[in-house]
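Structure record follows, encoded as structure tokens.
Just so you know, all these numbers are worked out from the coordinates, no wet-lab data involved. Worth saying up front: this structure is predicted, and the values here are computed from it rather than measured. Cβ atoms come from the backbone with ideal geometry, glycine included; neighbour counts cover every protein chain shown.
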Amino acid sequence: MSKESYILMVFEGAKTEPQILRNLQSHFSLDKKIVKTIYETAIYSLYEEFFINDEFDEDLDLFTIIKEKIQSSGGDKLNNISREQVSEIYLFFDYDGHATNADLKKLQEILQLFNNETEYGKLYVSYPMVEAIKHLKSGIDFKDTIEESNSDYKKLVSENCDEHLSHLRDLSYDD
């Protein structure tokens, strides 16, 4: 009997990112079961797990780190899943340039490490944060919309996006 194969999706936040995933799942089918988990802190903290004194610790495994973090906070989503059952790991984090531990050099290093979903994992970074997915307005070219990464960005996006994009749970296949 073969064990089930999983795709692990690690999100920085507990609200917006899983909402986007649910919406995508309603429009696209996948042949593997998706398990989502929340890291609940900025990407720069994950860097600190893998790079001790700026040196990469190659003995560390992302799945193990995530599983231990979830269990220590009372979660059990990964209790019955082994590393061998996880065929792909995807990480979704915000750039968070306003975070106190933000560091462009660290971000570049962690992007180089997490560059393959079947090895260490594949990292996607939203700039300035995931809400950029709805920062579209008719008549304005997105590439001309450049924003600073700051704590007011979510409010700015909500005030400056097309109405049909304001609620991510309502995005259509065409969106």
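Residues Thr118, Thr16, Thr145, ranked from the fewest to the most other C-beta atoms within 10 Å, line up as Thr118, Thr145, Thr16.
DSSP beta bridges confined to the chain are antiparallel in about 25 percent of cases. The H on the amide N of Ser126, modeled in the peptide plane, is under 5 Å from the matching H of Phe93, Asp94, Tyr95, each at least 5 residues off or on a different chain.
Take the Cβ-Cβ distance between Lys33 and Gln112 as r, set R0 to 30 Å, and report the resulting FRET efficiency rounded to the nearest 0.05. Please report the intermediate quantities before stating the final value.
Working: r = 29 Å, r/R0 = 0.97.
That pair, Lys33 with Gln112, gives E of 0.55.
Given +1 at the Cβ of Lys and Arg, -1 at the Cβ of Asp and Glu and no other charges, the dipole of the chain around its Cα centre is 680 debye to the nearest 20.
Efficiency by 1/(1 + (r/R0)^6): what FRET value for Lys154 and Ser26, r their Cβ-Cβ distance, R0 = 25 Å, to the nearest 0.05? Provide the component values of the computation, followed by the final result.
Values: r = 23 Å, r/R0 = 0.94.
Efficiency computed from Cβ-Cβ geometry: 0.60.
With neighbour counts taken as other beta-carbon atoms within 10 Å, the residues Lys155, Lys143, Lys77 rank, fewest first, as Lys143, Lys155, Lys77.
When semi-axes √(5λ) of the Cα gyration tensor in Å is calculated for this entry, the matching label among [x] 29, 22, 13; [y] 27, 18, 15; [z] 64, 18, 15 is [x]. Does the stretch 85-151 classify as rounded, prolate or oblate by the C-alpha gyration tensor (a ≥ b ≥ c root eigenvalues; a/c under 1.5 gives rounded; else a/b over b/c gives prolate, otherwise oblate)? Oblate is the answer for the stretch 85-151, as a/c is 1.5 or above yet b/c matches or exceeds a/b. Once C-alpha pairs closer than 8 Å and six or more residues apart are averaged by separation and normalised to the residue number of the chain, the relative contact order reads 25 percent.
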